[in-house]
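The values are calculated or read from the model by the stated rules, or taken from the named source; none is laboratory data. Quantities reported herein were computed from a predicted structural model and do not represent experimental measurements. Note that we place each Cβ from the backbone using ideal geometry, even for glycine, and neighbour counts take in every protein chain shown. All accessible areas refer to the heavy atoms of the entire protein, side chains included, with ligands and DNA or RNA removed. Shrake-Rupley method; radii C 1.70, N 1.55, O 1.52, S 1.80 Å.
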Amino acid sequence: MDDVIIGLEIHVQLNRLESKMFCGCSTKYHNSPPNTHTCPVCLGLPGSLPVINRKAVESGIKVGLALNCHIEEETLFYRKNYYYPDLSKGFQISQYDYPLATNGHIMILGDDGIERNIRINRAHMEEDPGRLVHAGTIDRAKYTMVDYNRCGMSLLEVVTEPDLRSPKEARAFLDKLKSILEYLDVFDGSLEGAMRVDANISLRGGDRSEVKNISGFKGVEKALSYEITRQRNLARRNIKVVQETRHFDELRNITVSIRSKVGAHDYRYFPEADLVAMRIASWVPAIRDSLPELPDSRRERFVRQYGLTDDHAKSLTTEIKVADFYELVAARTAPKIAAVWIADVLKGELNYRNLGIESFDPEHMVQIVQLLEGDEITEHSAVAVIRDLLDKKGSSPQEIITSRGLGKAEDDVVEKAVAEAVAECSAAVADYRAGSERALNYIVGQVMKKTRGKASPGEVHDLVRAQVERL
Ligand code: ZN
Ligand code: MN
């Protein structure tokens, strides 16, 4: 999609903090009734004064550094003036000139399969407004309710350069950003509204439209695909794209116009006189030293330390929880075998059930990999054990193996089954003698049936061949 130009503005809620951005209200409002986590400051009542949450600024700097940004010497808050019912103050405390962080970049996997840099223009701090709850769709709702619990939560707004070339690349960028934020432990992506995306999109040479407040990464992909088609259709009919703000209607999978584009000058930005400028340059070295290992370096280390393929290393490091799980298991098993079973099997079974890695006990994975290493269960049985554990049909690998008889059959049992099968399948034996290699597979199948999958197919194959040759 060479003519597609996409830039993103991502509002990240720093929701691992204890209190909001400028007041002492708790950030744990997600399961509370509406309007129960508020105070005069976050409601903007007359006479209330904001106080900066130092931890929030430190988290912002952490993210800035992880996104390879330059952290400004001094940073300043501004008032962004506008009226909307979710913001009772009539202005949002945000940043304008002197934002926290500028000029960064992160790597994503491009559509062409090659890693490339996506530039980040800036990352600035601001407070979250409240939440409007529409009765129905935004353009047809009979009424709308407002919940101020979210008001005053710390947000970091990350603004990219228009470097993305397709909805898929936008998705890859968001996945990468989320991965980094979770590694930094400043963000929990599972909470409602944790990340909201505004997407600017244009076709080369045309004006751009902005789709506001898309929640969910799938939503971003869908909204962008819809916009590309809409703009292409306009171009085909020689109609100019107007600069405007659009809303993505998730129920109908379309974008609808909500207003013409507002420029920065319309917001009458001016410095927030209730807050002083912060000299943050001196904070940076200590924060830089405290940064954890990030996804890209952990991935490289997995390749180096455990001898994994790059694909396995990537699959195991995207989510910090999966990476931690893997390292627990790899410390007590053969790391390459553990990688295959976690990246290829366990993750697939989890995805299928819409579960996270926390649904599986790492101790159980250690036991399963050790049983495989010791050749005590077949791969077929190991998959069955993993499925049973996830479906809560057993409390430990050993219990499931015993109760379902999944242990590898004793050698003499296998040998007996081989002798029986060869004796019963005289036609297949004749076919094999006549040159049909495939006839052996039929006999192997009969042995597997007799041993209920507990024998290893490779071994059985060798035994059957030996037995037939011996006849
Ligand atoms: Zn408050
Ligand atoms: Mn914003």
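Backbone phi angles across the stretch 81-89, fed through the Karplus curve with coefficients 6.51, -1.76 and 1.60 (θ = phi - 60°), yield HN-Hα couplings of 8, 6, 10, 7, x, 7, 9, 6, 5 Hz in residue order; Gly and Pro are listed as x. Protein heavy-atom surface of the stretch 227-331, 1.4 angstrom probe: 53% of the accessible area is carbon and sulfur, with nucleic acids and ligands not counted. Taking the alpha-carbon distance from Lys393 and a cut-off under 22 Å, which lysines remain once sequence neighbours fewer than 8 residues away in the same chain are dropped? Qualifying lysines at Cα under 22 Å: Lys347, Lys408, Lys454. Taking the 1.4 Å solvent-accessible surface of the stretch 1-125 as the whole, the part contributed by carbon and sulfur is 52%. Look at the dipole of the stretch 21-87 built from charges on Cβ: of Ser26, Tyr82, Asn68, the Cα furthest out on the positive end belongs to Ser26. At a probe radius of 1.4 angstrom, the accessible area of the chain per residue rounds to 49 square angstrom. Taken over the stretch 85-231, the alpha-carbon convex hull comes to 149 cubic angstrom per residue. Loop-located trypsin sites (Lys or Arg not before Pro) across the stretch 233-332 with a Cβ neighbour count of 16 or fewer within 10 Å are Arg237, Lys240, Arg252, Lys261, Arg268, Arg332, with loop assigned by DSSP. Proximity of backbone amide H atoms, modeled 1.01 Å from N, is registered between Ile258 and Thr245, Arg246, His247 at under 5 Å, excluding neighbours fewer than 5 places apart on the same chain.
Look at the dipole of the stretch 420-471 built from charges on Cβ: of Val447, Ser426, Val468, the Cα furthest out on the positive end belongs to Val447. Pairs spanning more than 27 Å between alpha-carbon atoms, out of Lys80/Lys261; Lys168/Lys392; Lys142/Lys212; Lys336/Lys449; Lys55/Lys168: Lys168/Lys392; Lys336/Lys449; Lys55/Lys168.
The stretch 61-80 and the stretch 84-154 have Cα centres spaced 16 Å apart. As a ratio to 2.2 N^0.38 Å, the alpha-carbon radius of gyration for the stretch 285-385 is 1.13.
Exposed loop sites are taken as chymotrypsin sites (Phe, Trp or Tyr not before Pro) in a DSSP loop (any state but H, G, I, E or B) with at most 15 other beta carbon atoms within 10 Å; the longest stretch of the chain without one runs 144-471.
Based on Cα contacts under 8 Å between residues 6+ apart, the chain shows a relative contact order of 14 percent.
Loop-resident trypsin sites (Lys or Arg not before Pro) (DSSP state other than H, G, I, E or B) in the stretch 132-235 with no more than 16 further Cβ atoms inside 10 Å of their Cβ: Arg140, Lys142, Arg204. Shown for the stretch 145-194: the carbon plus sulfur share of the solvent-accessible area, taken with all protein chains present and a 1.4 angstrom probe, equals 50%. In the chain, the inverse of the mean reciprocal separation of distinct Cα atoms equals 26.3 Å; this is its Kirkwood hydrodynamic radius. Computed over the stretch 365-471, the range of Cα coordinates on each principal axis works out to 49, 23, 19 Å, biggest value leading. Our note on the geometry: Cα centres of the stretch 11-57 and the stretch 395-471, 66 Å apart. Based on C-alpha pairs under 8 angstrom that are at least 6 apart in sequence, the stretch 27-141 has a relative contact order of 21 percent.
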